[in-house]
Amino acid sequence: MYSKEEASKIRQSFWITFDKYMKPIPSADGMPVNWVNYKTGVKHIFFRMDAVKRGASIAIELAHPDAGLRELYFEQFQAVKLLLADALGEEWEWQANTTNDYSQPLSRIAKTTEGVSIFKQEDWPAIISFLKPRLIALDQFWSDVKPIFEAL
């Protein structure tokens, strides 16, 4: 068991490692990008990555505080679901109504993997191999569909 400080240092070390691994890769538009803190450029739409004791995940989170607008965003993602699946090469889990760790309502489209731990450095290559292609694919997808969401 790790203290909070030790666990925080391990998590920080992982994300620094991930950032170094991703830094040379340009965005779909050919521009430098901060992959760890990816900015979608559309308020209330986030790409989130997480690595924890029992797995890792990557998600599109729609966190608009207005439930009606959040639903509209989710419906727009459903309208481009085939494009998303094509870009990712797989299906993700779709949740129209869920909450985050702070009990704030949101919609989430996510993919998770289990059996890896951020606290086992030997699992880091597997976590990176899980996150990297999906994040790059999300970036390509977003480059294509972002104008739809900017217009909302």
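The values are calculated or read from the model by the stated rules, or taken from the named source; none is laboratory data. As the structure is a computational prediction, the values presented were derived from the model and not from experiment. With ideal geometry, Cβ positions are generated from the backbone for all residues, glycine too; neighbour counts draw on all protein chains shown.
Only one of the listed residues (Met31, Met22, Met1) is under 18 Å from Trp142 (Cβ atoms) and modelled with pLDDT under 95. That residue is Met31.
Here the condition is being in contact with an Asp or Glu (Cβ under 9 Å, 6 or more places away or on another chain) and within 15 Å of Ala96 (Cβ to Cβ); of Ala85, Ala59, Ala67, it holds for Ala59 alone. If you filter region 30-68 down to residues that are among the small types (Gly, Ala, Ser) and surrounded by 11 or more Cβ atoms within 10 Å (Cβ to Cβ), you find that the one that is farthest from the chain's Cα centre (by Cα) is Ala67. Among the conditions (1) in a strand (DSSP E or B); (2) touching a strand residue (DSSP E or B) at 6+ places or on another chain (Cβ under 7 Å), Ala51 misses just one, which is (2). Just so you know, in region 132-146 the residues that are aliphatic (A, V, I, L, M) and in contact with a helix residue (DSSP H, G or I) (Cβ under 7 Å, 6 or more places away or on another chain) include one that is surrounded by the most Cβ atoms within 10 Å (Cβ to Cβ), and it is Ala137.
Here the condition is being assigned to a loop (DSSP other than H, G, I, E, B) and at pLDDT 95 or above; of Glu71, Glu91, Glu61, Glu75, it holds for Glu91 alone. Taking the criterion of being crowded, with 19+ Cβ neighbours inside 10 Å, over 22 Å from Asp66 (Cα atoms) and under 15 Å from the mean Cα position of the chain (by Cα), the only residue of region 99-127 that qualifies is Ile127.
Take Ser103 and tell me if it is of a type in the set (S, T, N, Q), within 21 Å of Val33 (Cα to Cα) and either assigned to a loop (DSSP other than H, G, I, E, B) or in contact (Cβ under 8 Å) with a residue 40 or more places away in the chain (or both). So Ser103 fails the test.
When region 30-47 is filtered for residues that are touching a residue at least 60 places away in the same chain (Cβ under 8 Å) and part of a strand (DSSP E or B), the ones remaining, listed by number, are Ile45, Phe47. Number of residues in region 6-29 that are touching a residue at least 12 places away in the same chain (Cβ under 8 Å), of a type in the set (Lys, Arg) and exposed (fewer than 15 other Cβ atoms within 10 Å of the Cβ) equals 1.
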